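Visitor: Below you will find the structure I want to go over with you.
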Amino acid sequence: MDLIRLLRSLEEFLYELVGWLVFYPRTLWRILCHPGQIARYTHEELSKPLESRFQETISPVLMLILTVALAHALELSLKMPLPKIESPVGQVLFGTEEGLILTRSAIFCVYALGAALGTLRRQRSRVTRDTLREPFSIQAFVACPFVLGLAVSEYMIRWPTGNWSMWGVALQLASVTWYLWARTSAFRALNQASWLRAFGLVLASFLITTAAILIVAAFFVV
């Protein structure tokens, strides 16, 4: 019986893995080209029973985790050295492969969380597990291309020969620009707001979150 249970578990895992290979690029493309549409799709899916959700895509949080893992796998394939940070906290967070991938996941989750909390504050909704789920899921989706863009640009900037530094900076700026546009599109898809007002709210949230991350890094990591 244990062998049969093990084989069934392996079957489920392999089926899920194959599903990732099919649905990951499709989901990433939909997010990249139609962030407003993916926001409406997430809203609709979360109203369905749990077992019926996200049948056409990968679920939002898993999508974000897989994207961070993919970015890290790319770093490993390019044999990029780990960041050199002298502080004890920095060595814990960035000194190992496991610490690095967990830290990156946490940083991008903070962006998603900050945007989600801002949405609830504007809606004057209580912060609960149920009310937080939808805005956080939308932001987890939207963050995925941003994660890949920043990761690739970082590798280009850190490339040993330095030949790709300017292209890396350009890709970094393009990634931030796309992310702000995508969040603005997602916001307008579910809220009555002009492009200017929506962009202002998104930009303010992005700057506040970025400043908070940099302040924490300055005190505890650098």
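The values are calculated or read from the model by the stated rules, or taken from the named source; none is laboratory data. What you see is a predicted model; the values in this text were computed from it and never measured. For neighbour counting, all protein chains shown are included, and Cβ atoms are generated from backbone atoms with ideal geometry for every residue, glycine included. Only protein heavy atoms, including side chains, enter the accessible area calculation; ligands, DNA and RNA are left aside. Shrake-Rupley method; radii C 1.70, N 1.55, O 1.52, S 1.80 Å.
Visitor: Take the Cα radius of gyration of the range 132-222 and divide it by 2.2 N^0.38 Å, with N its residue count; two decimals is plenty.
Guide: 1.25
Visitor: So if we plug the beta-carbon distance of Thr210 and Ile4 into 1/(1 + (r/R0)^6) with R0 = 35 Å, what FRET efficiency do we get, rounded to 0.05? List each step's numbers first, then the result.
Guide: Details: r = 51 Å, r/R0 = 1.47.
With R0 = 35 Å, the Cβ-Cβ based efficiency is 0.10.
Visitor: Additional query: Arranged from highest to lowest average of other beta-carbon atoms within 10 Å per residue, in what order do the peptides 61-70, 12-21 appear? Don't skip to the answer; put the middle values down first.
Guide: Details: 61-70: 19.4, 12-21: 10.2.
Ranking the peptides 61-70, 12-21 by packing returns 61-70, 12-21.
Visitor: Return the Cα extents of the range 1-66 along principal axes one, two and three, sorted largest first, each rounded to a whole Å.
Guide: Principal-axis extents of the range 1-66 (Cα, largest first): 48, 25, 17 Å.
Visitor: While we're looking at this one, here's another question. Using a 10 Å cut-off on Cβ atoms, rank the peptides 198-206, 136-144, 178-186 from the highest mean neighbour count down.
Guide: Values: 198-206: 17.3, 136-144: 26.3, 178-186: 21.0.
The peptides rank, most packed first, as 136-144, 178-186, 198-206.
Visitor: In whole percent, how big is the carbon plus sulfur part of the accessible area of the range 116-211, probe 1.4 Å, protein atoms only? Write down the numbers at each step before the final one.
Guide: Values: 3430 of 5340 Å².
Roughly 64 percent of what the probe reaches on the range 116-211 is carbon or sulfur.
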